[in-house]
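Computed from the coordinates by the stated procedures, all read-outs in this text should not be read as laboratory data. Given the structure is predicted, the values throughout are model-derived calculations rather than measurements. Cβ: placed from backbone, ideal geometry, glycine included. Neighbour counts: every protein chain shown.
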Amino acid sequence: MPQVREGVKCEKQYTEENVLSALEVIENGMSQRKSSEPFNVPRQTLQFRKSSKFTNKTTLRPSTVLTSEEESILKDDNRDYLLWRLSRKLKSQQQTKTPIRKSDGNWARSDEDRANTFTKHLISVFQLHSKEVLADDEKPVFDILDIA
């Protein structure tokens, strides 16, 4: 591990082209140690590049966040309402309502229809156990809920 000195900034003494050239020489049969010297690339760098841990990352920045379509919107000459259009487009993509199938086989698409269908489903799934005699303290609850 290299020594770190205060006030001294360490920079790479090699380029990506040097690394690729050294790797090509290694593929032709030269050892990693001998190929690292003429291209001024550390042997450990070449060893890492040849390992399975290296994922062919050639840039030192994070990947892009925007899609190419969103970038084209940003490059548009008409910049009026640019941020508004982009945010509206992103919001509209995230809001999808999944329809629910009714008991008759049709699809419930509106919010009210979906709510009613879901309510009917919950009522059919969660049934009260039948009791012949209700306790005195349960009767007011059932009267309020209008279930019994």
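With both labels modelled 7 Å from their Cα along Cα-to-Cβ, the K50 to I123 distance reads 7.4 nm. Look at V41, V141, V65 and count the other Cβ atoms within 10 Å of each Cβ; fewest to most, that gives V65, V141, V41. Tally Lys/Arg at +1 and Asp/Glu at -1 over every other residue whose Cβ is under 11 Å from the Cβ of I26; what's the total? Local net charge: +3.
For the pair L90 and V65, label points projected 7 Å from Cα toward Cβ lie 0.7 nm apart.
With 0.36 nm allotted per residue and the present C-alpha distance subtracted, the L83-E6 stretch has 23.4 nm of extension available.
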